[in-house]
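The next block holds one structure in the form of structure tokens; read it before the comments.
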Amino acid sequence: MSRFSTTEQLAGLAGWFVIMVFVAVLGAVASINAGSFYQTLTQPAWAPPGSWFGPVWTTLYTLMTLAAWLIWRDQGFRGAALPLSIFLIQLVPNVLWSWLFFAWHLGALSVANILVLWVLIVATLIAFWRTKPLAAVLLVPYLLWVSLAVALNISVWQLNPQLL
């Protein structure tokens, strides 16, 4: 049961939505030329088509918004400071990856960054599970997609040493 009124809950949801839109926009700015750059890279046969990334990330950001909101709604930021702080911290390497890979073409640093992101997603998922299991379940697709992205990032970096 939420400790907030319906109006406060909607305002909180809007706040989490604004945070996630901000994160998505920062990543999108770095990815302005992602499509053309991604097409020039040698990719493994199992790489998803570039057209998947926008819809997948839109879905993931929506699920992430709902997960953070569920945690906040139950306990507020003070009551859930650790899980929500970890969640907010993992957004930094989330955004940074797009800059490292697509804007700056830094393969090794993008791999290191995405590995840090993966660890932080696992930490967030565990912290959310301890607070509200449904919120953790909403993060599972994010973890799975980033797990695929780790393998793809490593593979693409190894296949394109001259470009990354």
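Tell me the mean residue ellipticity at 222 nm calculated for the chain from its helices only (DSSP H runs of n ≥ 4, each -39500 (n - 2.57), averaged over every residue, nearest 500).
Helices in the chain give a 222 nm mean residue ellipticity of -27500 deg cm²/dmol.
For Rg/Rh (Cα atoms, Kirkwood Rh), the choices are [x] 0.97; [y] 1.01; [z] 1.05; which was calculated from the structure?
Structure-derived value, by its label: [y].
Quick note: the coordinates plus some simple rules give every number you see, no bench work behind them. Here the structure is a predicted model, which is why all the values come from computation and not from measurement.
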